Amino acid sequence: MFSVSKTALAFVVLSLASNSLGRKWRDTGGFIVFEEAWTIPALLNQTSATTAALGGTPAELQANLLDIHNQRLQGMNENNVDFMVLSCTQPCIQGIADPDTAAAMAITVNNQLAADIANNTERFGGFASLAMHNATVAAAELTRAVTELGFLGVLLNDYQQSGADGLTPLYYDQPEYDIFWQTLSNLNVPLYLHPRTDVPEILNFQYSHAKFLIGPAQQFAATLSGHVLGICVNGVFDRFPNAKLIVGHLGERIPSDLSRIDNQLLRQLTLGMPMLKNVTTYWHENIFETSSGNFATDLLKFHIGQIGLDRIMYSIDYPFVNMPEGTVWIDTLLPDGVLNPAEFDSFSRGLAIKILRLND
Ligand SMILES: *[C@@H]1O[C@H](CO)[C@@H](O)[C@H](O)[C@H]1NC(C)=O
Ligand SMILES: *[C@@H]1O[C@H](CO)[C@@H](O)[C@H](O)[C@H]1NC(C)=O
Ligand SMILES: *[C@@H]1O[C@H](CO)[C@@H](O)[C@H](O)[C@H]1NC(C)=O
Ligand SMILES: *[C@@H]1O[C@H](CO)[C@@H](O)[C@H](O)[C@H]1NC(C)=O
């Protein structure tokens, strides 16, 4: 009898441990970052069009994307990063047009990430990757990733390509995604919406006059901000008031332009726009931003005034940005009086602990 219950206890402890990735984490008061990219060898060919960190080569970028436990962890140790949430670099599943291939690849990616971080969940967590062709399938995989793999949320790389030629974009602001938003809300996890490189047809149409604007300087923010605003104007947050959306790069410019956005959208009310509140209000109730790849102190100050520091968190955007770049910047915020100690704690870790529910 006694030995049976001991066995049962051991089993419970074991399965608890494997079901709680990211729940026990190293907390030395250091930083928490979570727009941090990783990929698997099978998807490495998607990264040829992306840009290495300043001073890095494409080969170094690819090596850094595949690595978790070596130079990445060493960089975390050297840069006061306690905990990093990994996600599959763009476009990942969103670049796979065939629904079945995409759904199978999402499962592969999620299982691989869970397995790769399983021996160090004190330092690493995961965001799920999802095929977004069918919201029911996406919701089921999100549920599995959170409840069985212990993932802390989901990261989607902007619109999902679909159709035989891959040229039908799917945006998650349509009513057929309600089941996805409902599941996200029920699980109480955030969606991180990350940019992607547009399909070549869009790039040719929009950027052939100035191809240097493809990627983070312009195209990422332009494309993703349209998706985020689509989610607002189509009333997603009115239907799912508890949904949490995170946008990187200091909000893909939206919080810099709320006055014009809100005032101009007032004109659309007579044209049947379903949105019940205004975009500023969603930035106070549903949307958060991170500083990933955008270490601009004046902009941070302006955004604190626009949306409040309780909507803004630190992140780096490794390996597209070198970790020390983030460290050099964040280490100025206290001495320069931009943030007081309580605000610094919230920005660098405290709000992330709450939103990612690291201590739940
Ligand atoms: C990457 O390789 C896979 C096969 O492993 C292929 O299906 C896919 O189309 C390739 N993607 C790109 C962007 O070349
Ligand atoms: C986890 O496993 C990887 C790959 O085998 C290894 O490099 C790393 O040192 C391990 N980490 C821990 C904390 O055991
Ligand atoms: C989405 O997937 C579900 C579950 O597999 C299925 O029942 C449903 O028919 C699919 N919807 C579409 C539009 O294909
Ligand atoms: C947005 O909505 C809030 C809350 O109703 C209101 O206080 C604010 O004035 C609105 N902003 C604009 C620019 O309309």
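The values are calculated or read from the model by the stated rules, or taken from the named source; none is laboratory data. What you are looking at is a predicted structure, and each value in this text was computed from that prediction instead of being measured. Ideal geometry is used to build each Cβ from the backbone, glycine not excepted, and the neighbour counts take in all protein chains shown. SASA here: full protein model, heavy atoms, side chains in, ligands and nucleic acids out. Shrake-Rupley method; radii C 1.70, N 1.55, O 1.52, S 1.80 Å.
Brief remarks on what is shown
- Translational diffusion of the range 177-277, µm² s⁻¹ [Kirkwood Rh, Cα pairs; Stokes-Einstein; 10 °C; 1.306 mPa s]: 104
- Helix-only CD estimate at 222 nm, as mean residue ellipticity for the chain, using -39500 (n - 2.57) per DSSP H run (n ≥ 4): -12500 deg cm²/dmol
- Accessible area in square angstrom per residue, the chain, 1.4 angstrom probe: 43
- Principal semi-axes of the equivalent ellipsoid, √(5λ) from the alpha carbon gyration tensor of the range 6-355, are 28, 25, 22 Å from largest down.
- On full extension, the segment bounded by Asp165 and Lys301 gains 44.5 nm, given 0.36 nm per residue less the C-alpha separation.
- Summing Cβ point charges (Lys, Arg +1; Asp, Glu -1) relative to the Cα centre of the chain gives a dipole of roughly 540 debye.
- Relative contact order of the range 6-355, defined on C-alpha pairs under 8 angstrom at six or more residues apart (%): 18
- Inter-site label distance for Arg144 and Asp262 at 7 Å from Cα along Cβ, in nm: 4.3
- Annotation: aspartates and glutamates with alpha-carbon distance below 12 angstrom to Lys244 (same-chain offsets under eight excluded): Glu285, Glu289.
- Taking a point 7 Å from the Cα of Arg253 along the Cα-to-Cβ direction, none of the residues of the range 277-302 has its backbone N closer than 11 Å to it.
- Surface composition of the range 6-355: carbon plus sulfur atoms contribute 57% of the solvent-accessible area (1.4 Å probe, protein chains only, all chains present).
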